[in-house]
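The values are calculated or read from the model by the stated rules, or taken from the named source; none is laboratory data. Computed from a predicted structure; not experimentally measured. So basically every Cβ, Gly included, is an ideal-geometry build from the backbone, and we count neighbours across all protein chains shown. Keep in mind that these areas ignore ligands, DNA and RNA; they rest on the heavy atoms of the full protein, side chains included. Shrake-Rupley method; radii C 1.70, N 1.55, O 1.52, S 1.80 Å.
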Amino acid sequence: MSHRETSLVWRLTALILGGAGLVLLAILAFSHFAQRRLILEQQLARSDALALAAANHIDAEISRAEVAVRSTATAWALGPNNRASVTALIEATLQAQPQLFGMAVAIPTTETGTDYRTLYGLRRNGAVQVTERNRPELDYIEDWFYLPYYLRRPVWSEPYYDPVAQARMITYAVPILQEGRVVAVITGDLPLAWLRQLLQRLPLDRGSSVVLLSTQGIFINHPDPKVEMRETVFSLAETLATPEAVAELKSLGWSMLRNEPGQRFYNRPLDGARAYINHRPVPSIGWAMGVIVPEDQMLAASRRQTEINLIVGATGLVLLLIAALIVAYSLASPLRRLAVAANQLATGQFDTPLPPVRRRDEVGRLTESFAAMRTELRDYIARLTSTTAAKEKIASELAIAHQIQLGIVPKLFPPFPQRQDLDLFACLEPAREVGGDLYDFALLDPDHLYVAIGDVSGKGVPASLLMAVGKTLLKSTIQAVRDPARALVMVNNELSEHNDTCMFITAFCGVLNLRTGDLTYANAGHNPPLILRASGSVDILRSKPGPALAAMPGSRYVSQAVRLSGSDVLLLYTDGVTEAMNPANVMFDEPRLVDLAGRERTQRMKPLVEKIVAAVHTHADGAEQSDDITLLAMRVVSYPDAQPITPTRAPDAELALKNRREDLTHLVGWLETIGERSGWPAPFVINLNLALEEWFVNVVSYAFTDSAEHPILFRLWHEGELLRLEIEDDGRPFDPTAQALADTTAGIDQRKIGGLGIHFIRRTMAGMTYRRQGDRNILTLTARLSAPDSHPLS
């Protein structure tokens, strides 16, 4: 038997066995997944029932505590409210409600009709003791008082450890409102010992466990006691070894905290084993509970049956192998003679005679095919000559396409000769005959300038076609909506439809107010632009970018804003500038661009752009250009309406505080006194108070690196409808106006942590500016009494 004959035999055998094996695998797979599905459905139903029963029990306990505290609040509201009556009320409630450990009645500083501020009762040595807290001003900044007072609704606290009770605890706080103001806050402390007993009594299988999360993701119950009350699901995720494991556990945490029932497989952080979790919300308090079952335990019976099926299938394949070898050998013998002639044809001997065709089966047709192939090879050389000529024609057409592409982007400079105050220049150098970069600009009206830059994924003709479509869509859309974020959303949805090539565009577009210098912009995954300040500094607009255009439909983008001063330069560029490499594979990089642009910022825009392009080519040192190089630079000499507000007289009121949290009450009282004396609307005072409290707490918490006392000064000017406030401290430099705007439209699982305090101040105030004067921070806030009311926490 020859080598070729043996090879064909085994191929035929493999084909037969492969077909039979695929059928067998399909049967085994169907059986396996059917059994697996049945087992999962049973486990799901059981774990769901356990989770539902436990959640209902927790709801019942929570509701009992809520009813007790609300009843006490009702009794307090009906009076009398002197110390003796309230003390008796607390004692009666705690004696009648054994599940409560303690209860408090706190009176705000604005209320003067009681002979106490904060009365607190607790169980101690089998009896109820009620005392007045000696520092009520500290209670007013605690969450149990602060949140219900300003939210005007009952609030449950996060779980905490009470050193007096030596137990885990949660607190329910109910505000009492009279004539639209909070006159008292009633609280009840509920120990969580019953919760652990409830979870331990659940009829769980071996290896199964229960986790319970608070509204902030803190583990109230966990298989590892060391994690309870110390870790959140997100901090625990950060301890995992791989980014995939971190992302998986965080995704599970967000799913549970959305207070929606769900199920999924995941890797347990304790041992990395696969497990199945069924989680349900505890609606009354916003907690989430999950029942965890190890995958090994769930699928043990399915694996045993699968092993039996595999043994039976393997035996059948062995028997089939024997039969297949016999059939394949009988078919391979006639091909031996044809193989000899085929070897001679393979060496280029096209005149070699082929064996005569004596049978009209597959072997005979194969011989005829070899004869036809010999004829085709003779014709191939002739066709090759024709193909070479066609390639030369394509090269000529690409050169024409290069000229057409350069004609799509604006190339007449200066673009607006009538605007002597505006200097703008741009350039585009494709890496190939045609490329995928784009830039654009247009005057939307005499006071608004549109600028954009983009980079299409890929190179060549497909990229240039998408570039042309994207540029046209973006310009026509921005002319219609004037909002960069909305324009990107509309263009993205249009480009994403029928995007079979999966190409995308990174883009930056903005609208500049030529009177005020306000630049409104949105970023779709593009390089952050540079602002070359007239003062000599260089700012990088490192805002959170959205996804690239055409990547997926329904993507969201956020418009942000920055103010340009007269003679500031806005420089847009693509990654072909910063990622240009020299023969040593060293990139031109962003710091090099920042340094060069900062040194050349006083140039006119055309020389500035040309010097940057020349520097990129010098850095490349002859290396092949791998990406398109595109830049756009613009400068406005001055903005006529950009006039700062400065005080011309001594302040109307001043307040000096120390960097102590307890001084917060003095700030609140100072502002409320001024507001009452000046007749300011109550919602305006609340918003202003919250904004100043937010900034004061930030300064106390983060501005100072030592433990010494530092002064924090507040100055206030009031002129008609305009209110101006200055806050001064000697802490570390921090410019809140340079921080990116918070994206409040994103989902909770997509939001970046932090920044909401500054977002609140920006939203509440009519204006916010910052300056560093010597070693002191000075923040200036402006507000208008005629501004529309808005709830401080909405």
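Please calculate the 1.4 Å probe accessible area of Y702, with all protein chains present, and give it to the nearest 10 Å².
My reading of the accessible area for Y702 is about 150 Å².
Given the whole protein assembly as supplied and a 1.4 Å probe, what does the accessible area of L202 come to in Å², nearest 10?
Accessible area of L202: about 30 Å².
Quick check: residue separation of A656 and A708 times 0.36 nm, minus the Cα distance between them. What number comes out in nm?
Difference between extended and current length: 17.1 nm.
So for M298, M768, M581, what's the accessible-area order with a 1.4 Å probe, most first?
Correct descending sequence by accessible area is M581, M768, M298.
Return the equivalent ellipsoid semi-axes of region 64-175 as a descending list in whole Å, where each equals the square root of 5 times an eigenvalue of the C-alpha gyration tensor.
The equivalent ellipsoid of region 64-175 has semi-axes of 19, 17, 15 Å.
Once a ≥ b ≥ c are taken as the square roots of the eigenvalues of the Cα gyration tensor of region 237-306, is the result rounded (a/c under 1.5), prolate (a/b larger than b/c) or oblate (a/b not larger than b/c)?
It comes out oblate by the Cα gyration axes.
Starting at the first residue of region 103-109, write each ³J(HN,Hα) from the Karplus equation 6.51 cos²θ - 1.76 cosθ + 1.60 with θ = phi - 60°, in whole Hz, x for Gly and Pro.
For region 103-109, the Karplus curve yields 8, 10, 10, 10, 10, x, 5 Hz.
Accessible area, 1.4 Å probe, largest first: how do K250, K544, K411 sort?
K411, K544, K250
Pop a pseudo-label 7 angstrom from the Cα along the beta-carbon direction at both R304 and R230 and give the gap in nm to one decimal.
In this crude spin-label approximation the distance works out to 4.0 nm.
Say R0 is 45 Å: what FRET efficiency, to the nearest 0.05, do A84 and T242 get from their beta-carbon distance?
In this case the efficiency is close to 0.10.
Just list whichever of K411/K475; K411/K611; K411/K471; K226/K250; K471/K606; K411/K544 have alpha carbons separated by over 24 Å in the model shown.
Table pairs above 24 Å Cα-Cα are K411/K544.
Would you mind calculating the gained length between R556 and R482 on full extension (0.36 nm times residue separation, minus the Cα-Cα distance), in nm to one decimal?
This chain segment gains 25.0 nm when fully extended.
Can you work out the accessible area per residue across region 419-560, with the rest of the protein chains kept in place, probe 1.4 Å, in square angstrom?
Per-residue value: 39 Å².
What residues have an amide H closer than 5 Å to that of E231, excluding those fewer than 5 places away on the same chain, when H is modeled at 1.01 Å from N in the peptide plane?
Answer set, sorted by chain and number: F219.
At 1.4 Å probe size, with no ligands or nucleic acids counted, give the accessible surface of T74 in Å², nearest ten.
80
Quick one: if you stick a label point 7 Å off each Cα along the C-beta vector at K606 and S565, how many nm between them?
Roughly 2.9 nm, to one decimal.
Taking the Cα atoms only, what angle lies between the long axis of helix 243-257 and the longest principal axis of the chain, rounded to 10 degrees?
That works out to roughly 50 degrees.
Students sometimes get this wrong: rank W144, W680, W287 by accessible area, probe 1.4 Å, all chains present, largest first.
So the residues, ranked largest to smallest area, are W144, W680, W287.
Quickly rank 456-463, 545-552 as a protection proxy: mean count of other C-beta atoms within 10 Å, highest first.
By packing density, highest mean first, the sequence is 545-552, 456-463.
Enter the accessible area per residue of region 30-74 (Å², integer; probe 1.4 Å; all protein chains in place).
I get 53 Å² per residue for region 30-74.
Putting +1 on Lys and Arg Cβ atoms and -1 on Asp and Glu Cβ atoms, find which of A53, W695, V182 reaches farthest to the positive end of the dipole of the chain.
Result: A53.
I'd like the FRET efficiency for E132 and F734, computed as 1/(1 + (r/R0)^6) with the beta carbon distance as r and R0 of 56 Å, rounded to 0.05.
0.90
Would you give the gap between the C-alpha center of region 705-733 and the C-alpha center of region 19-75, rounded to a whole Å?
Value for the Cα centre distance between the two parts: 55 Å.
If you average 1/r over all unlike Cα pairs in region 3-87 and invert the result, what Kirkwood radius do you get in angstrom?
19.9 Å is the Kirkwood radius here.
Does anyone have the angle between helix 605-620 and the longest principal axis of the chain? Alpha-carbon axes, 0 to 90°, nearest 10?
So the inclination is approximately 60 degrees.
Regarding the chain, what are the three Cα extents along the principal axes, ordered largest first, in Å?
121, 82, 44
With a/c under 1.5 counting as rounded, go ahead and sort region 501-628 into rounded, prolate or oblate using the C-alpha gyration tensor (a ≥ b ≥ c being the square roots of the eigenvalues; past the cut-off, prolate if a/b is larger than b/c, else oblate).
The shape class here is oblate.
When the Karplus curve 6.51 cos²θ - 1.76 cosθ + 1.60 is applied with θ = phi - 60°, which whole-Hz ³J(HN,Hα) does each residue of region 38-43 get, with x for Gly and Pro?
Once θ is set to phi - 60°, the couplings for region 38-43 become 4, 5, 5, 5, 5, 5 Hz.
Determine ³J(HN,Hα), in whole Hz, for all residues of region 81-93 in sequence, where each value follows from phi through the Karplus function 6.51 cos²θ - 1.76 cosθ + 1.60 and θ = phi - 60°; x replaces Gly and Pro.
Working through the residues one at a time gives 10, 6, 4, 5, 5, 5, 4, 4, 5, 5, 4, 5, 5 Hz.
What's the magnitude of the charge dipole for region 132-182 around its Cα centre, counting Lys and Arg as +1 and Asp and Glu as -1 at the beta-carbon? Answer in Debye, nearest 20.
Roughly 140 debye for region 132-182.
Please give the calculated 222 nm ellipticity per residue for the chain, where each DSSP H segment of at least 4 residues contributes -39500 (n - 2.57) and the sum is spread over every residue; nearest 500 deg cm²/dmol?
About -14500 deg cm²/dmol.
Classify region 525-583 from the C-alpha gyration tensor, please: rounded if a/c falls under 1.5, else prolate or oblate depending on whether a/b exceeds b/c.
Taking the square roots of the gyration eigenvalues as a ≥ b ≥ c, region 525-583 is oblate.
Pop the C-beta distance of H617 and D589 into the FRET formula with R0 = 22 Å and round what comes out to the nearest 0.05.
0.90
Roughly what angle does helix 590-599 make with the longest principal axis of the chain, taking Cα atoms, 0 to 90 degrees, to the nearest 10?
It is inclined by approximately 70 degrees.
Stretched out fully, how many nm does the piece from E376 to S626 gain, at 0.36 nm a residue minus the Cα gap?
Full extension from E376 to S626 adds 86.0 nm.
Normalised by the residues of the chain, what does the relative contact order come to in percent, with Cα pairs under 8 Å and at least six apart?
Answer for the chain is 8 percent.
Can you pull the percent of the chain's accessible area that's carbon plus sulfur, 1.4 Å probe, other chains left in place?
Here carbon and sulfur together make up 56 percent of the probe-accessible area.
Report the charge-dipole magnitude of the chain in Debye, nearest 20, computed about the Cα centre from +1 at each Lys and Arg Cβ and -1 at each Asp and Glu Cβ.
Its charge dipole is roughly 2140 debye.
What does the net charge come to around Q603 if you take all other residues with beta carbon closer than 11 Å to its beta carbon, with K and R at +1 and D and E at -1?
Charge balance in the 11 Å sphere: +3.
Sticking with the crude label model, points 7 Å out along Cα→Cβ, report the distance from D205 to Y116 in nm, one decimal please.
That separation, rounded to one decimal, is 5.5 nm.
From the Cα trace of region 174-225, what convex hull volume per residue do you get, rounded to a whole Å³?
119
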